[in-house]
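All remarks here apply to the structure that follows.
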Amino acid sequence: MTAVAIKGWCPSAHRPMQSGDGLVARIRPRGGRLSAAQAVALAELAERYGNGLIDLTGRANLQMRGLRAEGHEPLVEALAELTLVDADAAIETQRNVLVAPFWRDGDDTQWLAAALERALGERSLGLPEKFGFAIDCGEARLLAQASADIRIERGADGGLIVRPDGASHGRTVTRADAVDLALSLARWFLGSGGASGGRGRMAAHIAGGAKLPAALAGDAIPARASPPPAPGVHASGALVGIAFGQMQSATLKFLGQRAAGLRLTPWRMILIEGLREMPAHDGIVADAGDPLLRVVACTGAPACEAAHAETRALGAALAPHLPAAARLHVSGCAKGCAYPGLADVTLVATGGGFDLIRNGTTRDAPTLGGLSRADILADPRAVLEPR
Ligand code: SF4
């Protein structure tokens, strides 16, 4: 097991984080959606105040990179005009709502996401910065693997349920009372000691023995979980992959000009509303069979100060050699920001070359160490194929 430092906070628009390529500011589009005008304007802001690079995060947020300190204040003012940031920094941080993207106007997912965001906007509850909510009310649960602490989702009997992450069952609710119950769960989490020093997650709290009161517990089984969808044309529009979850401002502008709105997902994909054909543009992965979709690589060097090596060009170079269905994770350090799960092959940069871990995470013991980039690229199969 490798020990790594964990930052207890995430960047926001109000509080950008210093990175190797300048400040990083996170933007949380309401309902997980950008209108076409917001998308185009954001792309222009990324060019004006940053280095033009935009991340799509695992929580379906956008991050502008390479911001200069003197541009921060005008950026926040511009975001406020676009209604993309709350005036109050604590409210902004708390508005951490992941929305399953295949909603239709007025359905439970869209309605509940808007209602929850309104309720979270009323006052700060004092939740930890990483604490979040998922609204996932389609027939099957799409966000089961995505990070969230309180889930409003579909039950196996077709009704709505509210479930704290880490609990096997949820409580049956109506559309009208789902948000109230979700907020009661959040208050219970705080009141029962789930947070300490600004940190804490629901699943860990429940795993640690915290017992839900009868008024919040339930016995409803969640609906089946569905794996994340693949790029392609879906009923709601065209779902496109974004290589490594990072795009140039020109890509966001291009996508924004194709539809009335864009829906962000936690799977490094963007849904272009209503589009009936797959678009082609630099940085877009349109083919569901593209091996790049099975390669995860964090920001790496030089943009991340903690990185021991560049990651994404190495991941892209290895992608064509990846065995069918295998997943590769290239991480600039043992923190493993880009992917906490198991990968068939994980390469972790260290001060002394790359560690190779099979069927594990960045925290597991390596089977080989000290590999140089040249070693890896000289014989990719030796690294990527099962031994
Ligand atoms: S995992 Fe990657 S992005 Fe995260 S701290 Fe390490 S080098 Fe930076």
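The values are calculated or read from the model by the stated rules, or taken from the named source; none is laboratory data. It should be emphasised that the depicted structure is a prediction, and the values quoted were computed from it without experimental measurement. Cβ: placed from backbone, ideal geometry, glycine included. Neighbour counts: every protein chain shown. Just the protein is used for accessible areas: all its heavy atoms, side chains included, with ligands, DNA and RNA removed. Shrake-Rupley method; radii C 1.70, N 1.55, O 1.52, S 1.80 Å.
Of the candidates ASP177, ASP136, ASP149, ASP165, the single residue that is open to solvent by 30 Å² or more (accessible area, probe 1.4 Å), among the acidic types (Asp, Glu) and in contact with a strand residue (DSSP E or B) (Cβ under 8 Å, 6 or more places away or on another chain) is ASP165.
Scan (1) part of a helix (DSSP H, G or I); (2) touching a helix residue (DSSP H, G or I) at 6+ places or on another chain (Cβ under 8 Å) for the single condition ASP177 breaks and write down its number. (2) is the only condition that ASP177 fails.
Quick grid of which residues meet (1) under 23 Å from GLY245 (Cα atoms); (2) surrounded by 15 or more Cβ atoms within 10 Å (Cβ to Cβ); (3) not assigned by TED's automatic domain parsing to the domain that holds VAL295:
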residue: GLY315; (1), (2), (3): yes, yes, no
residue: ALA319; (1), (2), (3): yes, yes, no
residue: ALA325; (1), (2), (3): yes, no, no
residue: ALA334; (1), (2), (3): yes, yes, no
residue: GLY341; (1), (2), (3): yes, no, no
residue: GLY360; (1), (2), (3): yes, yes, no
residue: ALA374; (1), (2), (3): no, no, no
residue: ASP379; (1), (2), (3): no, no, no
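Taken over segment 117-133, the criterion of being part of a loop (DSSP other than H, G, I, E, B), acidic (Asp, Glu) and surrounded by 14 or more Cβ atoms within 10 Å (Cβ to Cβ) is satisfied by GLU129 alone.
Applying the selection to segment 362-372, what residues are among the aliphatic types (A, V, I, L, M) and buried (at least 17 other Cβ atoms within 10 Å of the Cβ)? Step through it out loud before you land on a result.
Initially, segment 362-372 is screened for residues among the aliphatic types (A, V, I, L, M), giving 365, 368, 371.
Selection gives LEU371 alone.
Can we say ALA288 is open to solvent by 50 Å² or more (accessible area, probe 1.4 Å), part of a loop (DSSP other than H, G, I, E, B), free of Cβ contacts under 8 Å to residues at least 24 places away in the same chain and more than 16 Å from the ligand (Cβ to nearest atom)? The answer is no for ALA288. Scanning for something touching a Lys or Arg at 6+ places or on another chain (Cβ under 6 Å) and within 21 Å of GLN246 (Cβ to Cβ), does segment 68-89 turn up at least one residue? Within segment 68-89, not a single residue is touching a Lys or Arg at 6+ places or on another chain (Cβ under 6 Å) and within 21 Å of GLN246 (Cβ to Cβ).
Entry remark, segment 15-65: residues being of a type outside the set (D, E, K, R) and farther than 17 Å from LYS253 by Cβ number 15 in total. Using the structure shown, decide if ALA113 is in contact with a Pro (Cβ under 6 Å, 6 or more places away or on another chain), touching a residue at least 40 places away in the same chain (Cβ under 8 Å) and surrounded by 23 or more Cβ atoms within 10 Å (Cβ to Cβ). Taking the combined requirement at face value, the residue does not satisfy it.
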